[in-house]
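For reference, the structure discussed in these notes is given below.
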Amino acid sequence: MYSILVVDDEPDNFDVIETFLSNQDYQLYYAANGQEAIDSLDTYNPDLILLDVMMPGIDGIEVCQQIKTISKWQAIPIIMVTALSSKSDLARCLNTGANDFISKPVNAVELRARIESMLRMKQQYDDLQTLLKLREDMVKMVVHDLRNPLMGIFLGLELLLSKDYPQEKQNRKLAQVYSSAQALQLLIDDLLQVALLESGKFRLNLTAVTLCTLIQSATSNFKAIAAQKNQSLVSQLPEEFSRAILVDATMMHRVLDNLLSNAIKFSPRNSQIVVKLEFTTFGDAKIQVIDSGPGVPDALQQKIFEKYEIGTLMSDVSQIGLGLAFCKMVVEAHGGKICVRNNQPQGAIFEITLSGC
Ligand SMILES: Nc1ncnc2c1ncn2[C@@H]1O[C@H](COP(=O)(O)OP(=O)(O)OP(=O)(O)O)[C@@H](O)[C@H]1O
Ligand SMILES: [Mg+2]
């Protein structure tokens, strides 16, 4: 509900405004003079101020000037309510930073229209602020998540370069460095590709691709990372191994990378992850990435495909919420579908359906 602060030294005028707005869903507050209005801003946090010009003490023009110099209140639209009618007086009102004015005696229809117009503007401003804040938070989070694997790489390399590092541990450390580099690459690629897809400038590079080969390549890239959690990564491929369909191989590879990275990241140690491909009787290709992790609650199964939606917060894993948004954009650009369902007895099944023709 929007809140409106009415500033007028004459309480009767407030009663008139209250009557005019009685059918509207606004929370009205009243201040009887300029100082009271300024002092009450922190308490009421109004979305709009209706400000009488002629008041004893600080007049409306000065109140408006003062409010507009305080940055946290600058964006509140101020409508001056004035008995003054000369053009120079009205110009004086607007020059103080007032957003609009309305003449006394106030007309109910005009008052409602001007309030609505100002509130629309305020709403747009608030939405933009929320978006900017989200962007700022995201940048902080992304930078943090880029630093983590980078630190892992540096730390691993330092150990590998030190003379005393035991030879028998080298392969394990190399695998860790490799997986950190892979996480870094996936995140950077997702960020760049989502921006490209959103710009509308992206074009699919469709070629006849053997999905079995694509799946084998993706799973083999993630074997080392899965091994670090002692997870087994297996693929179940159909007999028609060499059957090809038209896809953008690089993009679809990245989609699989994201689904595999999620399955590994969100599943417990010692569990199994299966990548399964089937060709349906209609000739469609159905790819499933099946895990036995925590799964995705029904209420979040659509939401997690939106940008920066991280679903259930989990500890000790990086959650930016970009990967699945990227997957959805790519799959839909192919005319396909992606969804998640529940695995039994527990876990998630991410399923992609691509048309075979
Ligand atoms: N296999 C899965 N099991 C359980 N939850 C999952 C799984 N895959 C994704 N999720 C949930 O969906 C959210 C969104 O996934 P998404 O891949 O878009 O982002 P992310 O993994 O958090 O970050 P990134 O942008 O690095 O991929 C995750 O944060 C997680 O809560
Ligand atoms: Mg992910």
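Read the figures in this text as sums done on the coordinates, not as results from a lab. From a predicted model like this one, the values you see are computed outputs, not experimental measurements. Cβ placement follows ideal geometry from the backbone for every residue including glycine, while neighbour counts extend to all protein chains displayed.
At-a-glance table
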read-out: Inter-label distance for Leu191 and Ala208, nm, one decimal - labels placed 7 Å from Cα along Cα-to-Cβ; value: 3.9 nm
read-out: Local electrostatic count at Ile273 - Lys and Arg +1, Asp and Glu -1, tallied over other residues with Cβ under 14 Å; value: +3
read-out: Extension gain from Glu18 to Leu237, taking 0.36 nm per residue of separation minus the Cα-Cα distance; value: 71.7 nm
read-out: More than 23 Å apart - percent of Cα-Cα pairs taken over the range 202-354; value: 33 percent
read-out: Farthest positive-ward along the range 2-106 dipole, Cα basis, beta-carbon charges - from Ile4, Ile61, Leu50; value: Ile61
read-out: D (Stokes-Einstein, µm²/s), Kirkwood Cα radius, the range 94-154, 1.002 mPa s at 20 °C; value: 138 µm²/s
read-out: Long pairs among Lys286/Lys307; Lys173/Lys303; Lys173/Lys265; Lys201/Lys303; Lys265/Lys328; Lys122/Lys201, criterion Cα-Cα beyond 29 Å; value: Lys173/Lys303; Lys122/Lys201
read-out: Helix 34-44 axis, angle to the chain major axis (alpha carbon atoms, nearest 10°); value: 30 degrees
read-out: Computed magnitude of the charge dipole of the range 2-106 (debye, nearest 20; Cβ of K, R +1, Cβ of D, E -1); value: 500 debye
read-out: Alpha-carbon Rg with Dmax, taken over the chain, Å; value: 30.3, 90
read-out: Kirkwood-based shape ratio for the range 1-133, expressed as Rg/Rh from alpha carbons; value: 0.94
read-out: Prolate/oblate/rounded label for the range 83-123 (Cα gyration tensor, a/c 1.5); value: oblate
read-out: Cα-based Kirkwood hydrodynamic radius, the range 179-276, one decimal, Å; value: 14.5 Å
read-out: Cut-off 10 Å between beta-carbons: net charge of the residues surrounding Ile76, Lys and Arg +1, Asp and Glu -1; value: +2
read-out: Charge sum, other residues only, whose C-beta stays under 15 Å from Asn342's C-beta, Lys/Arg counted +1 and Asp/Glu -1; value: -2
read-out: Cα centroid separation, the range 256-295 to the range 315-338 (Å); value: 13 Å
read-out: Exposure proxy order (Cβ contacts within 10 Å, fewest to most) of Ile349, Ile215; value: Ile349, Ile215
